[in-house]
Amino acid sequence: MKRLLVTTLFFMVLSMMPVPGIADCGKMELDFQLAVPEEQSQKGYLGLDDGKTFALSDIKADMVIIEIFSMYCPICQAEADKVNRLFELIQADDLLKERVKLIGIGAGNSSFEVDFFRKNYQIPFPLFSDGDFTIHKKIGEVQTPCFITLAPDKDLEVFYCREGRFKDPGQFLDHLVKPLKSPEDTP
């Protein structure tokens, strides 16, 4: 009887968990502000002017990939090399490096924790703190890591969400940039 009760409870909890790889894009509010990076290189990477804060729509790109991460997430830690490789692939492509930008937002992470994650995993792209979970709540309290891909110049239209790992950075990038590739861009 006890085993049946434990098994039933296990499956009840399991059924309430989100399906890995699928995020609820419908509940995302992307009207938040982030602090303008202090480093000129990161400010330039995002195409931002001087100021204290910016909106996602201020990023000069056709596509923005946002990684929602947590310094305490073991998957985020394990995937840091793959996400760095994703950034390198974008930067190595002459077409994509000006059109696709990658940022990270640390859900529940203070500036200190985000800086620790950046230094420890040698993250080359801009990372931002969401210490009080304000942004995390606006985007539907997704699991970490979560990758949200949007078009900043099209009313922040989200066209891809994925919670959890991705296997191959090159394949993942190819999947994401299909909307950007036009016939004249392909060899």
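Only the coordinates and a few stated rules stand behind these numbers; no lab work does. Because the structure is predicted, anything quoted here is derived from the model rather than measured. We place every Cβ from the backbone using ideal geometry, glycine too, and count neighbours over all the protein chains shown.
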Counted charge near L34, where neighbours are those whose Cβ lies closer than 11 Å (Asp, Glu -1; Lys, Arg +1): -1
For the stretch 20-176: relative contact order, % (alpha-carbon pairs under 8 angstrom, 6 or more apart): 32 percent
Whole-Å distance, taken between Cα centres, linking the stretch 86-129 and the stretch 54-81: 6 Å
HN-Hα J in Hz across the stretch 86-92 - Karplus 6.51, -1.76, 1.60, θ = phi - 60°, x for Gly and Pro: 4, 4, 4, 5, 5, 5, 7
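With the cut-off at 27 Å, tell me which of the pairs K52/K154; K119/K154; K43/K167; K52/K82 have Cα atoms farther apart than that. Mind dumping the intermediate values first?
Working: K52/K154 24 Å; K119/K154 33 Å; K43/K167 30 Å; K52/K82 31 Å.
Result: K119/K154; K43/K167; K52/K82 exceed 27 Å.
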Whole-Hz ³J(HN,Hα) from phi, Karplus 6.51 cos²θ - 1.76 cosθ + 1.60, for the stretch 145-154, glycine and proline x: x, 9, 10, 10, 10, 9, 10, x, 8, 10
The stretch 20-176 shape via C-alpha gyration tensor axes, a/c threshold 1.5: rounded
In order through the stretch 35-51: 3J(HN,Hα) via Karplus (6.51 cos²θ - 1.76 cosθ + 1.60), integer Hz, x for Gly, Pro: 6, 4, x, 6, 6, 4, 5, 6, 4, x, 4, 8, x, 9, 8, 5, x
Proximal aspartates and glutamates relative to K138, as straight alpha-carbon distance under 13 Å, when same-chain residues fewer than 8 apart are discounted: D24, E29, D31, D130
